[in-house]
Amino acid sequence: MNRPRLSVVAPCFNETEGIGEFYRRTTDACAALECTYEIVLVNDGSKDSTWEKMLAMSAADDHVVLVNLSRNHGHQLALTAGLSICTGERILILDADLQDPPELAGRMMQVMDEQRADVVYGRRNKRAGETAFKPWLIAHHLSALLPSEAASL
């Protein structure tokens, strides 16, 4: 099998309600790029029917690659598990709860090409319901950010 151009990696924990919409939007965004892709979904010990829904997606779509962790290990370990098996030339990390829109994949890949960047990250300017304190923390570097060498959208 040829190496896909893009891997989308998403840790999933109790995502029964939203995994279908995540899959639909991510698939649409990847298909719009007109490149080869895989969607790596990592079940992080979900207690609901997330795993069963993921199995159905994988059975219907060869683009979907699954990892099923034996128990909940937390977001970072689940992400690491997905990163360890993805095979794409480029990797897009998304949360399955759609905190970040999959539709930005094309723009992020474009920035990588234009800037000849190894890393591109998006930073939300404002989140619904967020107080003014969090943006202040980010502005004053009291929140963890990616290295300054990374290109930013």
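The values are calculated or read from the model by the stated rules, or taken from the named source; none is laboratory data. Nothing here was measured: the structure is a model prediction, and the numbers come from that model. Backbone-built Cβ (ideal geometry, glycine too); neighbour counts: all protein chains shown.
Residues are listed down the side, and each one gets a yes or a no for (1) at negative phi; (2) touching a helix residue (DSSP H, G or I) at 6+ places or on another chain (Cβ under 7 Å):
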site	(1), (2)
Val9	yes, yes
Asn14	no, yes
Glu21	yes, no
Glu34	no, no
Leu41	yes, yes
Gly45	no, no
Ala59	yes, no
Val67	yes, yes
Asn72	yes, no
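Can we say Leu83 is under 16 Å from Phe22 (Cα atoms), in contact (Cβ under 8 Å) with a residue 60 or more places away in the chain, among the aliphatic types (A, V, I, L, M) and out of contact with any Pro (no Cβ under 6 Å at 6 or more places or on another chain)? Answer is no for this residue. Tally the residues that are modelled with pLDDT of 95 or more and either assigned to a helix (DSSP H, G or I) or farther than 16 Å from Ile93 by Cβ (or both), restricting the search to the stretch 1-23. Going through the stretch 1-23 one residue at a time, the tally reaches 9. Is it the case that the stretch 86-109 has a residue that's β-branched (Val, Ile, Thr), farther than 21 Å from Pro11 by Cα and at pLDDT 85 or above? Taking every residue of the stretch 86-109 in turn, none turns out to be β-branched (Val, Ile, Thr), farther than 21 Å from Pro11 by Cα and at pLDDT 85 or above. Screening the stretch 24-72 for residues that are hydroxyl-bearing (Ser, Thr, Tyr) and either assigned to a loop (DSSP other than H, G, I, E, B) or within 14 Å of the chain's Cα centre (by Cα) (or both) and picking the one that is surrounded by the fewest Cβ atoms within 10 Å (Cβ to Cβ) gives Ser70.
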